[in-house]
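Each remark here refers to the structure printed beneath this line.
Each reported figure results from applying straightforward, stated rules to the coordinates on display, with no laboratory input. Keep in mind that this is a model prediction, so the values were computed, not measured. Positions of Cβ are backbone-derived with ideal geometry, glycine not excepted, and every protein chain shown enters the neighbour counts.
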Amino acid sequence: MKAGVIPVGRLNARQVRSVLLAATTPPPLHDTRPWRFLCTPGSIELYAGPASGGRRGQLLDCGAALLNLRLAVKAQGCHPDVRLLPAAARPDLLAVVRPRGLEPVTPVDRRLVEAIRLRRGNRSPFSAALVPPAVQRELRKAAELERAWLATIGDAQLPRLCEIMLPQHSAGTDAAGTDFAAAPGRLLVAVGSLHDTPLAQLQAGQAVQRVLLTAATAGLSAVHWSGTLTPARRRDLRRLLGGGMWPQALLRLGHGAPVPPRPHTDLDAVVASDKSPFSRGWP
């Protein structure tokens, strides 16, 4: 058992290890995994760790990890009591999760937890199969459950979107060769928030992850372009979407080929045994 993994609340050490592995599964927007965890007898604390993509990208990534953590705690039959940004004097402390009480595991919970294992980025070509309207409604509902909004980008908005995101590629192809504009069967969506504060960005990260997991339960693959949303692109995209929300993530969803699983994170690298790493800076 890892040194920093101890029983927390109703969860034994093996269950805590399981939920931490789930929390560290989301592929980050950038190369580093910007989350750190501390287990106490009553809670699992989520801290911001080293990040290469700026504060907003860090909060989106940590929000995704937090959503996975919440779902994994629920899968153990416990209610995850969550406090976001609980200490103004500690901006690196992003959330405190307390496993409290018993909570029945719903079929939706089980599907989402299973999707944590399955969900991964996919830049392979998508098939021509369209995303059904019923699935699109589920994706929108998933975002709203996390206090965010999902906007579909239609064909009429696509030329302007390409100008915003790919000004150097007039054919609509990004640097990796992914067909951005004309991919058959693709669904382009933006996940956004009413505000653009750290709290809103942390909530948006949870919303994006719930959307991606919901998509995975429907057999969809995803391409995550949020790491390339510079401030200028976000402002332009906000205007394109009507000015009512701040875009936090841009996703392409569709039916793609299977992708090999990612290796598990070494928990020793992201779980502390005491608070000292946070006070001196995590290596």
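When the Karplus curve 6.51 cos²θ - 1.76 cosθ + 1.60 is applied with θ = phi - 60°, which whole-Hz ³J(HN,Hα) does each residue of the stretch 104-109 get, with x for Gly and Pro?
x, 8, 8, x, 5, 4
Counting other C-beta atoms within 10 Å, which of Ser18, Ser127 has the fewest, and how do the rest follow? Don't skip to the answer; put the middle values down first.
On the way: Ser18 18, Ser127 15.
Exposure proxy ranking, most exposed first: Ser127, Ser18.
With N set to the number of residues, divide the alpha-carbon radius of gyration of the stretch 46-94 by 2.2 N^0.38 Å and report two decimals.
Working: Rg = 12.0 Å, N = 49, 2.2 N^0.38 = 9.7 Å.
Compared with the compact-globule rule of thumb, the stretch 46-94 sits at 1.25.
Which order do Leu241, Leu145 fall in if you start with the one that has the fewest other Cβ atoms within 10 Å?
Values: Leu241 19, Leu145 13.
Sorted ascending by nearby Cβ count, the order is Leu145, Leu241.
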